[in-house]
């Protein structure tokens, strides 16, 4: 599960009205992500301590919630704020080391933010100023022996931030999923496979499957965000609706697919050695075109 920590470091003090407005915006944006089951988001936020003892931007969280007129937002808040303290949720390997690093954000102690970053979590930050309305927040170390930490930050203040967070979670899910057909589902918000592709993939030798994911790792490492993009080398267009992913080691494998907005359609998987004549691959591409058109119509 992907966990979010309610960040108390806002780099300034704000009015209760400002914070309440930002809180409503943050909750709405977060709910939009939780509705996407494929992101595997833990709906309960991680807190440093009990919600009643938290202060955000100089105002108690209790006061912020009381000032929100919308009852549904309040209900969501109370259902989400049950996971504390942070040390019970995220692993803390060495408290002394963290304290020695002296992590700060602005003028505030940012030890908890560092813990979130080290554990692969995401910050949940009220969008109250330009200082915190960023896709990453940089946690500074006071000790030269420690590097600064960039922690993924979800503030929900812009659609761009929502989209980037979704792509990051997909990538994280992809990295953590064992090599297999389920791993393909994390390449895009929506992945559709025809039955023949599914069967071929499931019965392929394990070394072939691993080589496919090794190739996909190369694609993703080149900053090619999902859905998959063509680059003319590893991936190229071969017909109107068909792209070809080429795997060359340990054997030549061809995967034919189509990406459309947030969906990837997988049509065929074949070994290049199976193309006994010059027309065989062309026929495979034509068949893939038909399969993809059908999948798009059905969905």
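Only helices (runs of 4 or more DSSP H) wholly contained in segment 5-97 count here; list those with 3 or more residues that are at positive phi and more than 23 Å from the chain's Cα centre (by Cα).
Once the helices (runs of 4 or more DSSP H) in segment 5-97 are filtered for at least 3 residues that are at positive phi and more than 23 Å from the chain's Cα centre (by Cα), nothing remains.
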Hey, does segment 28-44 have a residue that's assigned by TED's automatic domain parsing to the domain that holds residue 126, touching a strand residue (DSSP E or B) at 6+ places or on another chain (Cβ under 7 Å) and closer than 14 Å to residue 78 by Cα?
yes
Need a quick list: helices (runs of 4 or more DSSP H) entirely within segment 131-221 having at least 1 residues that are in contact with a helix residue (DSSP H, G or I) (Cβ under 6 Å, 6 or more places away or on another chain) and under 26 Å from residue 287 (Cα atoms).
181-184, 195-203
Run down 15, 60 and say which single residue is surrounded by 14 or more Cβ atoms within 10 Å (Cβ to Cβ), farther than 18 Å from residue 152 by Cβ and at pLDDT 90 or above.
60
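The rows are residues; the columns are (1) more than 26 Å from residue 28 (Cα to Cα); (2) buried (at least 18 other Cβ atoms within 10 Å of the Cβ).
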{"position": "155", "(1), (2)": "no, yes"}
{"position": "182", "(1), (2)": "yes, no"}
{"position": "194", "(1), (2)": "yes, yes"}
{"position": "202", "(1), (2)": "yes, no"}
{"position": "216", "(1), (2)": "yes, yes"}
{"position": "221", "(1), (2)": "yes, no"}
Kindly indicate whether residue 208 is crowded, with 20+ Cβ neighbours inside 10 Å and either over 21 Å from residue 263 (Cβ atoms) or touching a strand residue (DSSP E or B) at 6+ places or on another chain (Cβ under 8 Å) (or both).
no
So, of the residues in segment 240-252 that are out of contact with any helix residue (DSSP H, G or I) (no Cβ under 6 Å at 6 or more places or on another chain) and surrounded by 13 or more Cβ atoms within 10 Å (Cβ to Cβ), which turns out to be nearest to residue 184 (Cα to Cα)?
245
Does residue 100 fit the bill of being touching a residue at least 12 places away in the same chain (Cβ under 8 Å), surrounded by fewer than 21 Cβ atoms within 10 Å (Cβ to Cβ) and within 25 Å of the chain's Cα centre (by Cα)?
no
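The values are calculated or read from the model by the stated rules, or taken from the named source; none is laboratory data. Here the structure is a predicted model, which is why all the values come from computation and not from measurement. Cβ atoms come from the backbone with ideal geometry, glycine included; neighbour counts cover every protein chain shown.
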